[in-house]
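Have a look at the structure below before the remarks.
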Amino acid sequence: MNKTNTPPKIYTVSELNREAALALGEHFLMIWVEGEISNLSAPSSGHLYFSLKDAGAQVRCALFKNQQRGLRCKPANGMQVLLRAEVSLYEPRGDYQLIVERMEVAGDGALRRAFDALRLKLSEEGLFDSSRKKSLPRLPQAIGIITSPTGAAIRDILSVLKRRFPAIPVIVYPTAVQGANAKFEVAEAIQTANRHADCDVLILARGGGSLEDLQAFNEEIVARAMAASAIPIISGIGHETDVTIADFAADLRAATPTAAAEHATPDQQQWLNGFMQLEKRLEQVLQRKLIRTRQSLDWLDKRLEQQHPGQKLRRNAERLDALRLRLTQTVLKIQQQQKHRLAAASARLAQFNPAVRIQSHQQRQQYLTQRLERAMQHKLEQNRLRLANAGQTLHAVSPLATLNRGYALVTQPESGNIVRSIRQLAVGDRIQTRIADGQFVSEIVDL
């Protein structure tokens, strides 16, 4: 029984879960947890949900879609993994769970953490600064290769070097690239190459492998030996996705050993093409200089010829011929002008000749007479046609024309009036009937 009589705080379920979620988040923050994946679920949202378990317990986990981009492994049931996660509580159901931020295969976890720690340490020291990087020689006098003499990497590198520029000497510094002593051998090889100074670029290479296989190139001793090297170093370690501490310490990082060999050597064909272009340019320069020299020599030769007495006589003779030609052309031109003036005067005189004017008037009179005759003939023809048309019109309205169609004209003989109605007649009257070809008189005997 509460002796102070203070009523106890009563939580709702939501309040309890919220308080528990806050407590978990404040206490654990971000933690690393190792275990086995089980009950993996991948809904259409793209998020992953699974349980992480060991021999005695399990916990629910959520790996959201946006956190899956940097994964170096594909989650699967039964996989032993190392998770970096935030402890959380799913309040609607009160489920305790882990929100996963990072996932690694459990065996690589320690190596990865050591890698990150060494990288951060050396980076803070400035060992990876771009200002420390040395430039590669454009045309190396010799190329040094630090790698295993029996691996596939050395064969690939030598093949590329032979194809691209076989004239460049190659020095191999054989070392182990895997195992406990590999880091010491690699560092010693870098120092040996610098002491002898037989090459002016180094290739540090090995083939692909797991993080543990590449561990020799993630060691501090190797990184510091590379940073201290006076000879520029190209790293070509593993595959394109493999990144080591040596890659950060190198003066140039290549994706593969083959790519490192390509970076170390120029393309022989490009150099040959460059030499050919230089040779062509040199030929062009010499050719232009030769042409200019020849032109100068020709000019001097001509000047010498111009100063010769015989050349002066020839020029005077040519000038005399030119003057003679100009005189002849001038005389011919004056003659031609006089001919044109005479012809023009003759033409003007002919215009005032009476015979010409008389002939012109006669031609005009003849032309006008012909026009008058044609006009009179045309007028006469028009009147003839008008007369014929009028006769036809008159005939069409003539009573005679009507009689020709079988009609008759009846008149009273005494008065000459035309009989238009039977009421004008009586029995015994005489009538005169005119038809087309004559007339007759008849007497009416019945009406």
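The values are calculated or read from the model by the stated rules, or taken from the named source; none is laboratory data. For clarity, every value in this text was computed on a predicted model and none was experimentally measured. Here the Cβ positions follow ideal geometry from the backbone for every residue, glycine too, while neighbour counts run over all protein chains shown. SASA here: full protein model, heavy atoms, side chains in, ligands and nucleic acids out. Shrake-Rupley method; radii C 1.70, N 1.55, O 1.52, S 1.80 Å.
Per residue, the average separation of C-alpha pairs within less than 8 Å and at least 6 apart gives the chain a relative contact order of 8 percent. Other residues lying with their Cβ under 13 Å from the Cβ of PHE275 contribute a combined charge of -1, Lys and Arg counting +1, Asp and Glu -1.
Note on the range 59-166: Rg/Rh from C-alpha atoms, Kirkwood Rh, equals 1.19.
Taking 13 Å as the straight-line reach from the Cα of LYS162, the aspartates and glutamates in range (excluding those fewer than 8 positions away in the same chain) are GLU262, ASP267. Answer with a single label: of (1) 14, 18, 13, 8, 8, 9, 15, 11, 3; (2) 24, 45, 25, 6, 0; (3) 24, 56, 20, 0, which was calculated as P(r) over Cα pairs in 20 Å bins from 0, in percent from the structure in view? So the structure-derived entry is (1).
Of all segments of the chain bounded by GluC sites (Glu not before Pro) found in a DSSP loop with no more than 16 other C-beta atoms within 10 Å, the longest spans 241-413.
Only beta bridges with both residues in the chain are counted; by DSSP, about 65 percent of them are antiparallel.
Charged neighbours of ASN194, selected by a Cβ distance under 14 Å, balance to -1 (K, R count +1; D, E count -1). For the chain, with a Gaussian network of springs between Cα atoms less than 10 Å apart, report the residue from ASP437, ASP298, ASP267 with the top mean-square fluctuation. Looking only at ASP437, ASP298, ASP267, the biggest GNM fluctuation is shown by ASP437. Carbon-plus-sulfur accessible fraction, the range 125-243 (probe radius 1.4 Å, protein heavy atoms only): 51%. Expressed as a whole percent, the accessible area of the range 296-387 that falls on carbon and sulfur atoms is 58 (1.4 Å probe). Between the helical axis of 309-351 and the longest alpha-carbon principal axis of the chain there is an angle of about 30 degrees. Using +1 at the Cβ of each Lys and Arg and -1 at the Cβ of each Asp and Glu in the chain, identify which of GLN287, ALA408, ILE168 lies farthest towards the dipole's positive end. Comparing the listed Cα positions along the dipole, ALA408 ranks first. Springs between Cα atoms under 10 Å define the GNM used for the chain, and in it the highest mean-square fluctuation of LEU425, LEU136, LEU387 occurs at LEU425. Where in the chain lies the longest segment free of chymotrypsin sites (Phe, Trp or Tyr not before Pro) that are both loop residues by DSSP (not H, G, I, E, B) and have at most 16 other Cβ atoms within 10 Å? So the longest stretch without any such site is 65-351.
Taken per residue, the accessible surface of the chain reaches 70 Å², heavy atoms only and a 1.4 Å probe.
Mean separation of Cα pairs under 8 Å and 6 or more residues apart, divided by the residue count, gives the range 315-447 a relative contact order of 13 percent. Helix-only arithmetic for the chain: the sum of -39500 (n - 2.57) across DSSP H runs with n ≥ 4, divided by the residue total, places the mean residue ellipticity at 222 nm at -16500 deg cm²/dmol.
Compared with the dominant principal axis of the Cα atoms in the chain, helix 354-397 is inclined by about 80°. The lysines whose alpha-carbon is closer than 28 Å to the alpha-carbon of LYS289, local same-chain residues fewer than 8 away aside, are LYS280, LYS302. Applying the Kirkwood pairwise sum to the alpha-carbon positions of the range 122-237 produces a hydrodynamic radius of 14.6 angstrom. The dipole here belongs to the range 66-163: it is taken about the Cα centre, uses +1 on the Cβ of Lys and Arg and -1 on the Cβ of Asp and Glu, and is about 760 debye. In this structure, the pairs whose alpha-carbon distance is over 32 Å, taken from LYS9/LYS53; LYS74/LYS121; LYS74/LYS133, are LYS9/LYS53; LYS74/LYS133.
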